[in-house]
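For reference, the structure is listed below as structure tokens.
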Amino acid sequence: MAELLAEPRWAQAAQALVCGCVDLGPGQDGAVGLMETVCTGLGDQLYPAFLRVLAEINQHGEFAARAAVAQTLAQALSQGRLPSGSRAAWGTAALGARRRSLGPIEYLCLAAWPRQGAAELTPAQFQTLASAVMELLDCAPDARRLYAGHLAAVADDPLDGTLPREVRAALRELAEGWQGRADASVACAAFVSRLQRSGR
């Protein structure tokens, strides 16, 4: 099983992913396949590390680099091959629970929900990571429209069993804000606010 290094080399990992997306071409299947291979190699336990790499690219990459990665993500979404992390459905027992795949943003949304006690991500951590991934997607034409539509569909699917009602309601607010051209940070803040209100 892969393990995260004590001092992860985020910059080098981000550069390697950017180079792969640029060299293989965001319009080609090779770049999408690269992302799939990276996520498969990391496994579910280290999927958050992949999201951290995306945030690193958004924070430090030049626009052309960010656009190449964003175009690859958009193509992956349009092909139903979005790099995803697997989580147990929220209403099931941990042992032998059915697992569902979640794309980057919806994965972070579930991690921000305090399932039993403290959430995996604090509101500030969620805001930082989710905003970074969304800002990265904003670098590619139509990526925001595609992904926001995807999030709205996930929020409107109560039969999926992956996200609890409170998270789906907050996710719907995030998707609508992002579709309405709100800044990523504003849309994420709306998600956090809705989630906090539902927990009262």
Residues of the stretch 55-84 being within 20 Å of Ser131 (Cβ to Cβ) and of a type in the set (D, E, K, R), in sequence order, are Glu56, Glu62, Arg66
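Of Ala130, Ala111, which residue is modelled with pLDDT of 95 or more, under 21 Å from Trp178 (Cα atoms) and surrounded by 14 or more Cβ atoms within 10 Å (Cβ to Cβ)? Give the steps one after another, and end with the answer.
Working: Ala111 fails: modelled with pLDDT of 95 or more.
Just one listed residue meets the conditions, Ala130.
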List pairs: first in the stretch 33-47 and closer than 15 Å to Ala14 by Cα and modelled with pLDDT of 85 or more, second basic (Lys, Arg) and in a helix (DSSP H, G or I), Cβ under 9 Å, 6+ apart or cross-chain?
-> none
Look through the stretch 147-180, keep the residues that are free of Cβ contacts under 8 Å to residues at least 24 places away in the same chain and not in a helix (DSSP H, G or I), and return whichever of them is farthest from Leu102 (Cα to Cα).
-> Gly180
Per the filter on the stretch 15-41, residues among the aliphatic types (A, V, I, L, M) and in contact with a Leu (Cβ under 8 Å, 6 or more places away or on another chain) are Leu17, Leu24, Ala31, Leu34, Met35, Val38
Would you check if there is a residue in the stretch 188-200 being in a loop (DSSP other than H, G, I, E, B), at pLDDT below 95 and over 17 Å from Gln127 (Cα atoms)?
-> yes
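The values are calculated or read from the model by the stated rules, or taken from the named source; none is laboratory data. Values in this document were obtained by computation on a predicted structure and should not be read as measured data. Neighbour counts are summed over all protein chains in view; Cβ atoms, including those assigned to glycine, are modelled from backbone coordinates with ideal geometry.
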